[in-house]
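K.L.:
One structure is given below, represented as C-alpha cells, and several questions about it will come after.
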Amino acid sequence: EIVSGHRRRKACELAGFDTVKAEVREMTRDEAIILMVESNLQRSVILPSEKAFSYKMRLEAMNRQGQRSDLTSTPVVSKLRTNEILGKETGESRETIRRYIRLTELILPILDMVDEGKIAMRPAVELSYLPKEQQQELFDTMELEDCTPSHAQAIKLRKFAEAGKLNEEVILSIMTEEKPNQVEQFKIPKRRLDK
C-alpha cells in the first residue's frame, strides 16, 4: 500500500513515467498511520478538518501502540502524556490538539463552515458538544437566518443542550440575538458637538 506520495505517483503517471522512486518498508497499520499523518502535515495549506482527523488518527495510533512516539516500545503513559508528545512533535499545545480533535464531532456541514472560515475554532469546539440532531437544527437555523454563532452564543447553546433544554425555538432565539459587534454605532467628531 502507498502510505505517502499518492499525488507524486499520480503526477508521474500523468507524465507518462513507468516507474516511480519508492521506499518499501514493512510496517504495522499504526506505524503507517503515524507516517501518513506526519507526511500530510508537511503540506503548506491544511484545513482545520484535515488537521482534526489527522491528529485524531495519530493519537489513536499512538494510544494503541502503548504511546510509542519513536516506534520503539516505551512504558505505557497516560492519554494526557500522549497529547503532550503529539503536541511537541507538531509544535501545537496540548489544548490546541484537544480542540482540533473535538472538531471531528461536528456534522459535516458545520465542519465545512469551519474549513471555509465562517465559524472560528473556539465556537466550533463548543458546538461539537451538541448532539448531532441539534447540530443539524442549528445548521438549518444558520442557513435560514444567514448567521453563525459567536463564542458566547456557542457556549449558551452548549449549556442549554447540557441542561436538556435546547430545541429549535431556543436555537432561533439565541441565533437572532444582537451581537455586541453588530450594534449600529454613530461617530460624531467632538468639534462638531462643541458647536
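K.L.:
Treating cross-link reach as a plain straight distance, find the aspartates and glutamates whose alpha-carbon is under 15 Å from the alpha-carbon of residue 10, omitting any fewer than eight places away in the same chain.
P.N.:
1, 18
K.L.:
Also, quick follow-up: Which residue, 34, 46, 110, tops the fluctuation ranking in a GNM of the chain built on C-alpha contacts under 10 Å?
P.N.:
Sorting by GNM fluctuation, first place goes to 46.
K.L.:
Quick one: putting +1 on the C-beta of Lys and Arg, -1 on the C-beta of Asp and Glu, what dipole do you get for the stretch 108-163 around its Cα centre, in Debye to the nearest 20?
P.N.:
380
K.L.:
Once phi is turned into ³J(HN,Hα) by the Karplus curve 6.51 cos²θ - 1.76 cosθ + 1.60 with θ = phi - 60°, what whole-Hz value does each residue of the stretch 139-148 show in order, with x for glycine and proline?
P.N.:
4, 4, 5, 4, 5, 5, 8, 6, 8, 10
K.L.:
Quick one: which of 96-102, 9-15 comes out on top by average Cβ neighbours within 10 Å, and what's the full order, highest first?
P.N.:
My ranking of the peptides, most packed first, is 96-102, 9-15.
K.L.:
Follow-up question, since we're still on this one. I need the shape label for the chain. Rule: rounded when a/c is under 1.5, else prolate if a/b > b/c, else oblate, with a, b, c from the alpha carbon gyration tensor.
P.N.:
Prolate.
K.L.:
Any chance you could count the Lys pairs in the stretch 85-190 whose alpha carbons are under 23 Å apart, treating pairs 8 or more apart or on different chains as valid?
P.N.:
Going through the stretch 85-190 pair by pair, I get 12.
K.L.:
So, for the stretch 132-171, what is the accessible surface per residue at a probe of 1.4 Å, expressed in square angstrom?
P.N.:
60
K.L.:
What 222 nm value per residue comes from the helices of the chain, counting each DSSP H run with n ≥ 4 as -39,500 (n - 2.57) and dividing by all residues, nearest 500 deg cm²/dmol?
P.N.:
-17000 deg cm²/dmol
The values are calculated or read from the model by the stated rules, or taken from the named source; none is laboratory data. On a predicted model such as this, the values are computed, not experimentally measured, just so you know. Using ideal geometry, Cβ is built from the backbone for each residue, glycine included, and neighbour counts are taken over all protein chains shown. Calculation scope for accessible area: heavy atoms of the full protein, side chains included, ligands and nucleic acids excluded. Shrake-Rupley method; radii C 1.70, N 1.55, O 1.52, S 1.80 Å.
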